[in-house]
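Student: Before we start, here is the structure in question, set down as structure tokens.
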Amino acid sequence: MTFFSRCCAALAFLGGAVVPHPALTAQMPSDPTAALLVELIRVNTSNPPGNEGAIAELLAPRFRALGFEVEIIPTPQPGKAHFIARLRGSGARRPVLLAAHADVVGVEREKWTVDPFAGVVKDGYVFGRGALDFKGGMAVFARAVMLLAERRIPLDRDVIFLAEADEEGALPYSTSWLATNHWPAIDAEFALNEGGWIIKRPDGRVRYVSISTADKTTFGVVLTARGTSTHSSMPRPDNAIYTLARALARLSNHETAVTLTPSTRQFFRVLAKTSEGELARSFRDLTGSDPQRVRRADRVISKDPLLHAIMRTTFAPVLMNAGFRGNVIPGSAEATVNVRGIPGTDVNAVLAEIRRVIADSTVDVRVAQTPQAPVPVSPDTTALYRALETEARAQYPGAEETPYLFQAGTDAAAWRMRGVPVYGIYPYAIDAEDLTRMHGNDERIAIASLRDGTEMIYRTLVRVAGRPQ
Ligand SMILES: [Zn+2]
């Protein structure tokens with residue numbers, strides 16, 4: 001056995017590259033945020049199991065050395081922990097919190113051209129699982145709050161950094177668990193989290209900065225068709241599988257109405273200003289009042305699945321269940337449809353719409369489980385939102401800024417449900433190509449984007465938490 005294979009075996013045993021591979025330390029970037037990101041990527045926190053406790057162990061000594069109060073909150077699952085570092089201010093105002101999830105989604109290893117857990121630095125980028133979502137953001141948030149301590153900025157409020165567990169999926173020890181069991185540790189006036197985007201044009205200049213103030217809601221709807229259960233040699237017209245298939249086919253041909261929230265309206269206005277030609281016209285028409293133009297604009301814009309999703313409530317069948325053996329026609333067939341709602345969507349109205357579209361009273365339509373209570377939208381008028389907006393404009397001159405409805409869910413509800421506004425941003429400039437790599441292959445982030453993002457978040461914190469001079 002050579003040294004190399006022994007070393008790799010040891011790394012595998014540790015469940016992640018907690019011990020840096022000697023050959024890799026040579027390429028550590030000089031930018032402190034990029035260097036921290038490399039270290040974070042080398043701790044494999046693919047969830048399951050997550051192993052987020054290893055991130056807490058990595059971060060704790062760095063924060064302690066800078067005078068932060070550090071708390072590692074273990075969960076009932078071994079190896080899984082939340083990490084909290086608090087930099088004390090005078091207490092004149094309530095804390096500001098920066099939250100970043102420490103877990104990542106798994107990889108299709110054979111589709112990567114680099115080791116996803118080595119933190120490879122190449123062509124001005126850091127590559128690795130989590131580079132964008134969200135270890136890059138964690139590195140930016142961590143370095144920004146560390147700079148406050150390193151530069152001894154007098155603070156009027158505590159600044160809390162949180163590295164959280166169990167974000168990637170509906171998992172038991174997420175921020176909801178943390179909020180239920182350890183609320184005083186993460187209570188704040190407002191918070192930053194993942195969410196909006198800093199999108200670059202092909203020439204590298206930033207086109208717009210979007211800050212998410214709400215996430216779409218989600219719940220499941222179960223369609224159940226019933227028929228006669230009998231021998232498959234004697235089929236009858238009331239076959240449950242056919243009935244269900246007809247209902248789903250009608251749903252697939254249905255498009256929900258365009259529903260623009262105030263933030264989405266502003267987002268599309270910004271896209272109109274920063275686009276050209278037919279697209280710019282379509283973005284303008286979408287926010288106008290002519291129903292015919294709105295419909296035409298919808299058809300053009302909806303070719304982009306992300307834009308299609310943020311302007312309406314969407315339905316997507318995700319699970320089917322029917323039959324149990326090859327020679328029996330089952331008595332029932334069931335499909336679960338995942339609904340992603342514009343905030344404020346009425347569950348009963350959605351059920352009524354689905355019933356109307358499938359137009360078959362023999363198909364039962366009901367909610368899969370009690371949906372979560374409505375999550376308040378965070379106002380774009382707080383000191384934190386204003387500070388981030390101001391610093392985004394300063395960091396990316398000429399770029400537009402807009403609030404944004406995040407198309408998926410994040411762990412922000414744990415705070416928003418308790419009245420704490422949360423603003424989401426992936427705090428680095430990326431282009432459309434970078435974005436396709438998120439949860440995909442060869443995920444990467446530009447070192448220059450990490451540097452600029454750290455500056456922006458640091459100055460935002462000075463503005464919102466620093467003692468006025
Ligand atoms: Zn994420």
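The values are calculated or read from the model by the stated rules, or taken from the named source; none is laboratory data. Quantities reported herein were computed from a predicted structural model and do not represent experimental measurements. We place every Cβ from the backbone using ideal geometry, glycine too, and count neighbours over all the protein chains shown. Quick note on the areas: whole protein, heavy atoms, side chains included, nothing else; ligands and nucleic acids left out. Shrake-Rupley method; radii C 1.70, N 1.55, O 1.52, S 1.80 Å.
Student: Just the projected area, averaged over all directions, of the convex hull on the alpha carbon atoms of segment 144-218: how many nm²?
Tutor: Average projection, Cα convex hull of segment 144-218: 8.1 nm².
Student: Run through every distinct alpha carbon pair of segment 315-467 and return the Kirkwood hydrodynamic radius in angstroms, one decimal place.
Tutor: 19.9 Å
Student: Counting only pairs 8 or more residues apart or on different chains, how many lysine pairs in the chain have their Cα atoms under 24 Å apart?
Tutor: For the chain, the number of qualifying lysine pairs is 11.
Student: Still on this model: What are the extents of the Cα atoms of segment 183-227 along their three principal axes, listed from largest to smallest and rounded to whole Å?
Tutor: In descending order, the Cα extents are 60, 42, 13 Å.
Student: Quote to one decimal, in nm, the extra length available between residue 205 and residue 123 on full extension: 0.36 nm per residue of separation minus the C-alpha distance between them.
Tutor: 27.7 nm
Student: Within the chain, which is the longest segment containing none of the trypsin sites (Lys or Arg not before Pro) that sit in a DSSP loop and have at most 14 other Cβ atoms within 10 Å?
Tutor: 206-302
Student: For segment 247-290, which semi-axes, largest first and in whole Å, follow from the square roots of 5 times the eigenvalues of its Cα gyration tensor?
Tutor: 26, 13, 9
Student: For residue 112, what accessible surface area do you get with a 1.4 Å probe? Give it in Å², rounded to 10.
Tutor: Residue 112 has an accessible surface of roughly 20 Å² with all protein chains in place.
Student: Whole number in Å², please: accessible area per residue of the chain, 1.4 Å probe, ligands, DNA and RNA not counted.
Tutor: Normalised by residue count, the accessible surface of the chain is 44 Å².
Student: Please report the spacing between the Cα centers of segment 400-469 and segment 166-192 in Å, no decimals.
Tutor: 18 Å
Student: Same structure, new question: Treating only the Cα positions of segment 156-294 as identical point scatterers, give the base-10 log of I(q)/I(0) from the Debye formula at each q in 0.12, 0.17 Å⁻¹.
Tutor: Debye intensities relative to I(0), on a log10 scale: -0.89, -1.09.
Student: Provide the percentage of antiparallel DSSP beta bridges, counting only those with both residues in the chain; round to the nearest 5.
Tutor: If I count the DSSP bridges inside the chain, around 65 percent turn out antiparallel.
Student: Would you mind working out the magnitude of the charge dipole of the chain relative to its Cα centre, with +1 at each Lys and Arg C-beta and -1 at each Asp and Glu C-beta, to the nearest 20 Debye?
Tutor: About 620 debye.
Student: Related question: Expressed in nm to one decimal, what extension gain is obtained for the pair residue 328 and residue 364 from 0.36 nm per residue of sequence separation less their Cα-Cα distance?
Tutor: Stretched out fully, the residue 328 to residue 364 stretch lengthens by 10.8 nm.
Student: Further question on the same structure: Starting from the Cα of residue 276, step 7 Å along the direction of its Cβ; do the same at residue 60; then give the gap between the two resulting points in nm.
Tutor: Between residue 276 and residue 60, the label points sit 5.5 nm apart.
Student: So, one more: Quantify, in whole percent, the carbon and sulfur part of the accessible surface of the chain (1.4 Å probe; protein heavy atoms only).
Tutor: On the chain, the fraction of accessible area on carbon and sulfur atoms equals 54 percent.
Student: Counting only the backbone N, which residues of segment 91-125 are under 14 Å from the spot 7 Å out from the Cα of residue 27 toward its beta-carbon?
Tutor: Backbone N within reach: 113-125.
Student: Follow-up. Provide Rg and Dmax in Å for the chain, with only Cα atoms included in the calculation.
Tutor: Cα only, the chain: 24.4, 85 Å (Rg, Dmax).
Student: Something else now. By how many nm would the segment from residue 356 to residue 338 grow when fully extended, if each residue of separation counts as 0.36 nm and the alpha-carbon distance is taken off?
Tutor: Computed gain between residue 356 and residue 338 is 4.7 nm.
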